[in-house]
1. Look through A:E17, A:E49, A:E54 and report the one residue that is within 14 Å of another protein chain (Cβ to nearest Cβ) and modelled with pLDDT of 80 or more.
2. Pick from B:H235, B:H270: which is open to solvent by less than 50 Å² (accessible area, probe 1.4 Å), in contact (Cβ under 8 Å) with a residue 60 or more places away in the chain, within 21 Å of B:L319 (Cβ to Cβ) and under 29 Å from the mean Cα position of the chain (by Cα)?
3. Here is a list of conditions, (1) more than 14 Å from every other protein chain (Cβ to nearest Cβ); (2) surrounded by fewer than 18 Cβ atoms within 10 Å (Cβ to Cβ), and B:I513 meets all of them except one; can you say which number that is?
4. Regarding B:F290, is this residue touching a Leu at 6+ places or on another chain (Cβ under 8 Å), open to solvent by 50 Å² or more (accessible area, probe 1.4 Å) and at negative phi?
5. When you look at B:I441, is it at pLDDT 80 or above, surrounded by 12 or more Cβ atoms within 10 Å (Cβ to Cβ) and within 14 Å of another protein chain (Cβ to nearest Cβ), yes or no?
6. Run down B:T645, B:T628 and say which single residue is within 14 Å of chain A (Cβ to nearest Cβ) and at pLDDT 90 or above.
7. Need a quick list: helices (runs of 4 or more DSSP H) entirely within region B:120-192 having at least 1 residues that are within 20 Å of B:R89 (Cα to Cα).
Amino acid sequence: MNEQSPDLAAKRVIAVEDEGVTQMQMRRLLKRAGLTVDASAVNGEQGVEAVLRERPDLVLMDIRKPGRIDGLEAARRFLAE
Amino acid sequence: MRESEHFVQLYESDDFLVGSVSGFIGAGLEAGESCIVIATRTHLEDIETHLGARNLDLEDLRGRQRFVSLDAAETLSKFMLDGSPEPQRFRESVGRLIAGASERGTRVRVFGEMVALLWSDGNQAAAIRLEELLNDLANTHTFSLFCAYPAAAMAGEALAAPFAKICNCHTRVIPAESYADMDSADDRLREITRLQQMARSLEVEIAYRKEIERDLSRRESELSDFMENAFEGLHKSGPDGAILWANNAEMELLGYRPDEYIGHHVSESHIDRDVIEDILAKLRRGESLFNYAARLRCKDGSIKHVLLHSNPHFENGELLYTHCFTRDISHLHESNLIQQRLAAIVECSDDAIIGKTLEGIITSWNNGAERIFGYTADEAIGRPKTFILPPDRLQEEVEILSRLRRGERIEHFESVRVRKDGKQVDISLTISPIKDNADIIVGASTIARDITESKQQRRELAALNARLTRSVTETHHRVKNNLQLMSALIEMQKQPHRESIPMAELVRLGQNIQALGFIHDILTHESKENGDAATISVRGVLEQLIPILQETLRGRRLLPFLEDALLSGKQTTSLALIANELISNAVKHGDGDIGLTLRKDGNIITLEVCDEGSGFPEGFDPEVAAHTGLELIESIARYDLQASTSYQNRDEGGARVGIKFSIERKSHICAAR
């Protein structure tokens, strides 16, 4: 997703990432690709909460996460809603 | 010519003989015959006395050569040669005397006792030979010869044959006076019967004695053979200690020939002077020695360890000789030495070495066992092995014993035993069956090693290993994060429509990377020490960073006021990066001295950077400012520290940026290092 992609343009995305620098880099890349970053979260629990609140088009999340629940568990939870 | 007569008289008493001879010679002299008497000096005197009593003038008769008297021993010496009568000399001496008398024409009577002397001297053969020579003389000359032997000299089975020969040499044999003096024919018959009975009895007795003699001789030879060829050494020594006799075993033991040993002093083969002196002193005192240990030197110089049994023999209080048995125990001595060495090894072992029967009863218990289990050998030996087992492991001994009975060896079996003080001890056991000479299992030896310490070490090693593994994983994770961070910091420099990166940005990038390096260094060092990377002195890190930052201050001062706090690696890294960014911004956008303050209030950490410049413009919004440095600060503060940020202008002028966050739960607050 180097340059703006018509398929992804205007899509709303939530980034779940605990490393501040990586989070920043990811947001920059997503914005450069034309996506709207609606919310960011540092762990699985915050990720589930943000997804359920914002109802984004995309969720960018690691499988392995700090906190009580990992990426797969978080996905399972918000997909179940 | 009349025939010669040669008769023999046996006599019991000298008086009878003297009377008999005096009668025979006296009658001859009275009848005008020539008489020769060759007798012992005593008999001669007595006979002459008797003859004188018959009114015979012996001197006159001697002068007319009618009466000749000679000493028997002296006469014998004239013709005896090498224990035998020499015929020629006989003829020249006695032969000529008798022949001369015979040739003078008168009848001749001779009494001779020389044969009796030879016989009594044990030279029966010479006596017989002399009788034969006299018979030869009787063949050529006529005379009447009277021989007499003491009856007592004829006694003895061995003399039966020579006696018969003596009898055969004579024309007449006259029994001794006890028979010859009997008057009636009936008495003589009775005496003959009695003598016959006595003769039979004696024959029986002789046969019996011969049997005993043979038996004794056989036993003696057996005993002699037994002693000579006994397995054990045996010697006899005199009162002075000289060896009188020694058997083969003793000489073979020491390697001496008989001539090198017998006759030598018993002490010569002893190595220990005090020992042999004690032995001899005891024997002289009449004491017997039993199992007396001594060392003997062999001919080849080797040493024999022996046990001596010796006893002295006294007669009338005087030591006659001693007997000594010498038992070679050198082989026992060597095997004792080997056994002692093995025992010493067992005793000195740090491991417990325990012997037990197949029923599990303890038979031996070394020092190692005393040390490990706390019981002395006296307390342990005789008790069942189970007494040091914890109650929940009793079944273990049953299994061990059944495996031992099958001949199995149990190696490096780890278990637990109970010490005397009640403490449990971890042990490693090696148990082997003990077999006797016939290969039958009679017991077992247990070698138990105290592994409490090594088990503890193993546990510690495992814990250390786990910590190192965690530490390596952690380090790996940090290196990866750092690389990612660096990549992100470089990526940040890429901006639309910008062809190159300003030097100031590269310097800031360099400082950030250096900060990462310091923190990594500290974290790695910490990991080495305690394996936990969550307690880092944030002041320590900032103090290392300050000299680097000062190089970029363009002559302005950096005034640090730093309290200390212990933070995790991640929080420290984040805080250092933020401090670097804030100071770079203050250099770039502010003026005057730059203050760097770190405060800790309970669990709350506050970092402030301020300057003396114009401060933030009116309506400053960090989000809107879209300033690269601020974006990085915001992102790190929010995501890595969950911190709140504040951007204010100071009353005294200049800007102040604050970062406030809680210390992560796992980090501890301690005194600054």
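1. Details: A:E49 fails: within 14 Å of another protein chain (Cβ to nearest Cβ); A:E54 fails: within 14 Å of another protein chain (Cβ to nearest Cβ).
Going through A:E17, A:E49, A:E54 in turn, just one is within 14 Å of another protein chain (Cβ to nearest Cβ) and modelled with pLDDT of 80 or more: A:E17.
2. Values: B:H270 fails: in contact (Cβ under 8 Å) with a residue 60 or more places away in the chain.
Unique residue meeting the criteria: B:H235.
3. (1)
4. No; evaluated as a whole, the condition is false for this residue.
5. Details: at pLDDT 80 or above: yes; surrounded by 12 or more Cβ atoms within 10 Å (Cβ to Cβ): yes; within 14 Å of another protein chain (Cβ to nearest Cβ): no.
Answer is no for this residue.
6. Numbers: B:T628 fails: at pLDDT 90 or above.
After ruling out the rest, the residue left standing is B:T645.
7. Details: elements: B:124-140, B:160-168, B:177-180.
Once the helices (runs of 4 or more DSSP H) in region B:120-192 are filtered for at least 1 residues that are within 20 Å of B:R89 (Cα to Cα), what remains is B:124-140.
Let's see how each residue does on (1) under 30 Å from B:F290 (Cα atoms); (2) touching a residue at least 60 places away in the same chain (Cβ under 8 Å):
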site	(1), (2)
B:S310	yes, no
B:F314	yes, no
B:G317	yes, no
B:D351	no, yes
B:G382	no, no
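The values are calculated or read from the model by the stated rules, or taken from the named source; none is laboratory data. Keep in mind that this is a model prediction, so the values were computed, not measured. Cβ sites come from the backbone with ideal geometry, for glycine too, and all protein chains shown count toward neighbours. For the accessible areas, the whole protein counts, side chains as well, though only heavy atoms, and no ligand, DNA or RNA atoms are used. Shrake-Rupley method; radii C 1.70, N 1.55, O 1.52, S 1.80 Å.
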